[in-house]
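Undergrad: One structure is given below, represented as structure tokens, and several questions about it will come after.
The values are calculated or read from the model by the stated rules, or taken from the named source; none is laboratory data. Since this is a predicted model, take the numbers as computed values, not measurements. Cβ coordinates were reconstructed from backbone atoms using ideal geometry, including for glycine residues, and neighbour counts include every protein chain displayed. For accessibility, only protein heavy atoms count, side chains too; no ligands or nucleic acids. Shrake-Rupley method; radii C 1.70, N 1.55, O 1.52, S 1.80 Å.
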Amino acid sequence: MQFNGGYGCPYCLHPGKTVKTSERGHTLTYPYNKENLQTGHFKERTHKQTQEFAKLATDSVIKTGIETPVKGVRGLSWFLHVPGFDIIRGTAIDYMHGTLLGVVKMLLKLWLDKQHHNEPWYIGKSAKELDKRYTGIKPPSCISRLPRSIVGNFGHLKASELRSFLLFYSLPCLYGILTDIYFQHYLLLVEAIYILLKQSIAFSELVKASKLLKHFCLRIEELYGCRYETYNAHGLLHLVERVKDLGPLWANSCFCFEDFNGELRHLFHSTQQVEMQIVLSICIQQKIPELVPLLTSCPGAHQFYESLTSKGRLSQKKEFVLENIFINGAVIKRAITSQHRQLLEMEIGKVGSVYIFKRITINGTIFHCKDYKSGTRRNNCTIQYKSECHELKYGQILYFVKCFRSCPNPVFCPALCICKFPVYHALVECLVIDRKTVLSTDTITGAAVPHIVPLLSKTSGIVVVPLDKIVNICVYIDHGIDGKRFAVTFPNMFEKD
């Protein structure tokens, strides 16, 4: 059965509950099962049990001619007979539709829709301040969509915008606007989804995510009413088990399929014989890699190959530093301040020639220096890096340097002398963590949202950071001169907009 029918949950035997929404309106909800606080849901379905229900439903149709679902199962499916496939544990939950376009969009509507203006959760009166904070954010380039007015574009928000809002923007933007009891409740969802989207998830993190989601679902009735214990909210209770069976949420979401829809659009260019154009384009794309061994050593040939196989604009100038690190754009010889030179020499010894560059790509992520194209709506300079004692710190890149160490023996300089090999570093302005600002006050689940780090407006000097010590790019959020500042890290770098 669908979500709006009895026993519509595909993972447990929750019968659903009809709730009155208006004088004539009703909806089917999935209340938290308080008789089983350990899980919050009803008895889990199994593959064998589903086969039995399906057979009973099919037999009923054969005998009576009337379809009679058994515990929500309407009949047999070919997938029940695929060898080695468990139809319950092998079916993923798509968090793109269920969590982002379902739960997050529902909460935004509750907070901002004027029909809820008398409710304690309503923040419509602060919508201008919320929009000001939100639209003022300068995300890094790996987030393709720039923030736009939430109130003005609510009905047109894309799933990728809701993902960025949930993981990165929402808590800093709602801080001090959304009533604290609702803020603390929503915070549980943010941290749980962040954990389930991580590149690598420890078992202890799965246990924590389960606690966070159960506590979030348990309190929906108390805070918003049983009307909002929806099918999508109930699905949160099954997320952790699906991650255990099938991997992180990003590995099974519909985002990549939505991306492929866009890719198909680029495979045809006229309205005639569209299917043949797509087939021809795919054949060409499949054959191009086979031509790589035939390329000459001419750099122009390789650059042409990259232009055929890469998305977006390619940098004309590249200098490879390591296998996964290369410089974009020009490298210019330039004098640096005596203070910065002293910092460099403390790190690597006596320095000779120094060259400056402003852009670099590390593991496919673009980093810029702080003054690169000032006025742009992007901030690619805020980073998380490892200090000498392996502590994770935050900072903003002033510029990158390529320098050569002074020759220790200029008279008899050997071929493999250290003066012949360049050293690459970033000069980083250190950001100071604000220990007094605490987002979470939850004492039940231990929620802390550690990926959102409050910052002070002051900095703590400049450090020299080797390029391989740069861990991640961060989303930097600044509320203004007297406002709060935050650095937010990404859960993974696989899922792109």
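Undergrad: Over segment 165-301, what is the mean sequence separation of C-alpha contacts under 8 Å (at least six apart), divided by residue count, expressed as relative contact order in percent? Could the numbers behind the result be given before it?
TA: Numbers: 77 pairs, mean separation 22.2, N = 137.
Relative contact order, segment 165-301: 16 percent.
Undergrad: Please report the base-10 log of the normalised intensity I(q)/I(0) for segment 325-450, using a Debye sum with one equal scatterer per alpha carbon and no solvent, at each q in 0.15 (1/Å).
TA: For segment 325-450, the Cα-only Debye profile gives -0.84.
Undergrad: While we're looking at this one, here's another question. Ignoring ligands, DNA and RNA, what percent of the 1.4 Å accessible area of segment 298-427 is carbon and sulfur?
TA: Numbers: 4370 of 7830 Å².
Solvent-exposed carbon and sulfur of segment 298-427 make up 56 percent of the total.
Undergrad: Among H26, I150, L246, flag the residue with its Cα farthest along the positive direction of the charge dipole of the chain, charges on Cβ as +1 for Lys/Arg and -1 for Asp/Glu.
TA: After comparing all options, I get I150.
Undergrad: I would also like to ask the following. For I62, what is the net charge nearby, where nearby means another residue's Cβ is under 15 Å from its Cβ and Lys, Arg count +1, Asp, Glu -1? Mind dumping the intermediate values first?
TA: Working: positive: K55, K63, R74; negative: D59, E67.
Cβ neighbours under 15 Å give a net charge of +1.
Undergrad: Considering the dipole of the chain built from charges on the beta carbon (Lys and Arg +1, Asp and Glu -1) around the Cα centre, which of P414, S307, L439 is farthest to its positive end?
TA: P414
Undergrad: Further question: Quick check: at a probe of 1.4 Å, how many percent of the accessible area of segment 129-195 sits on carbon and sulfur atoms? Walk me through the numbers before you get to the answer.
TA: Working: 1060 of 2050 Å².
The nonpolar share, carbon plus sulfur, comes to 52 percent.
Undergrad: Would you mind working out the accessible area per residue for segment 167-225, using a 1.4 Å probe, and quoting it in Å²? Don't jump to the answer; show the numbers that get you there.
TA: On the way: 1860 Å² over 59 residues.
Normalised by residue count, the accessible surface of segment 167-225 is 32 Å².
Undergrad: Between K48 and C413, what length comes free when the chain is fully extended (0.36 nm per residue of separation minus the Cα-Cα distance, one decimal in nm)? Provide the component values of the computation, followed by the final result.
TA: On the way: separation 365, 0.36 × 365 = 131.40 nm, distance 7.62 nm.
Once the chain is fully extended between K48 and C413, it gains 123.8 nm.
Undergrad: In whole angstrom, how far apart do the alpha carbon centroids of segment 137-206 and segment 22-90 sit?
TA: 33
Undergrad: Continuing with this model, one more query. Express in Å², to the nearest 10, the accessible area of H156 obtained by rolling a 1.4 Å probe over the protein heavy atoms while all chains stay in place.
TA: 120
Undergrad: Tally Lys/Arg at +1 and Asp/Glu at -1 over every other residue whose Cβ is under 11 Å from the Cβ of P299; what's the total? Could the numbers behind the result be given before it?
TA: On the way: positive: K318; negative: E306.
Taking every other residue near P299 into account, the sum is 0.
Undergrad: Place the peptides 163-175, 390-402, 449-461 in order of packing, highest mean first, counting for every residue the other Cβ atoms within 10 Å and averaging per peptide. The partial results should precede the final answer.
TA: Working: 163-175: 23.6, 390-402: 18.3, 449-461: 16.0.
Going from most to least packed, we get 163-175, 390-402, 449-461.
Undergrad: Extension gain Y372-L322, at 0.36 nm per residue separation less the Cα-Cα distance, in nm?
TA: Numbers: separation 50, 0.36 × 50 = 18.00 nm, distance 2.29 nm.
So the chain would gain 15.7 nm between Y372 and L322.
Undergrad: Per residue, how much accessible surface does segment 20-142 expose to a 1.4 Å probe? Answer in Å², no decimals. Don't skip to the answer; put the middle values down first.
TA: On the way: 7430 Å² over 123 residues.
That works out to 60 Å² for each residue.
Undergrad: While we're on this one: Rounded to the nearest angstrom and ordered from largest down, what semi-axes does the equivalent ellipsoid of segment 382-497 get from its C-alpha gyration tensor (root of 5λ)?
TA: So the equivalent ellipsoid measures 38, 16, 13 Å along its semi-axes.
Undergrad: Taking all protein chains in place and a 1.4 Å probe, what share, in percent, of the accessible surface of segment 33-127 do carbon and sulfur account for?
TA: Values: 3290 of 5790 Å².
Of the solvent-accessible surface of segment 33-127, carbon and sulfur hold 57 percent.
Undergrad: Over segment 323-419, average the accessible area per residue using a 1.4 Å probe and give it in Å², no decimals. Spell out each step's value before the answer.
TA: Working: 5410 Å² over 97 residues.
In whole numbers, segment 323-419 has 56 Å² accessible per residue.
Undergrad: Below 12 angstrom from the Cβ of N232, what's the summed charge of the other residues (Lys, Arg +1; Asp, Glu -1)? Present the calculation step by step, with values, prior to reporting the outcome.
TA: Numbers: positive: K105; negative: D94, E229.
Summing Lys and Arg as +1 and Asp and Glu as -1 gives -1.
Undergrad: From the backbone phi of segment 433-450, what are the Karplus-calculated ³J(HN,Hα) couplings (6.51 cos²θ - 1.76 cosθ + 1.60, θ = phi - 60°) in whole Hz, Gly and Pro given as x?
TA: Per-residue couplings from phi come out as 6, 8, 6, 7, 7, 10, 6, 9, 10, 5, 10, 8, 9, x, 4, 9, 5, x Hz.
Undergrad: For the chain, just list the percent of Cα-Cα distances falling in each 10 Å bin from zero outward, please.
TA: It works out to 3, 15, 22, 22, 18, 12, 5, 2, 1, 0, 0, in whole percents.
Undergrad: List the aspartates and glutamates whose Cα lies under 14 Å from the Cα of K484, skipping any in the same chain that are fewer than 8 positions away.
TA: E129, D434
Undergrad: Using the Cα centre of the chain as the reference point, and only Cβ charges (+1 on K/R, -1 on D/E), how large is the resulting charge dipole? Debye, rounded to the nearest 20. Before the final figure, lay out the partial values.
TA: Working: 60 positive and 42 negative charges, 212 e Å.
It works out to roughly 1020 debye.
Undergrad: Rank these residues by their accessible area, most exposed first, probe 1.4 Å: W111, W78, W250. Spell out each step's value before the answer.
TA: On the way: W111 0, W78 220, W250 65 Å².
Largest accessible area first, the residues go W78, W250, W111.
Undergrad: Which chymotrypsin sites (Phe, Trp or Tyr not before Pro) in segment 1-61 sit in a loop by DSSP (not H, G, I, E or B) and have at most 11 other Cβ atoms within 10 Å of their own Cβ?
TA: On the way: sites: F3, Y7, Y11, Y32, F42, F53; in loops: F3, Y7, Y11, Y32, F42.
Those that pass, being in a loop and sparsely packed, number zero.
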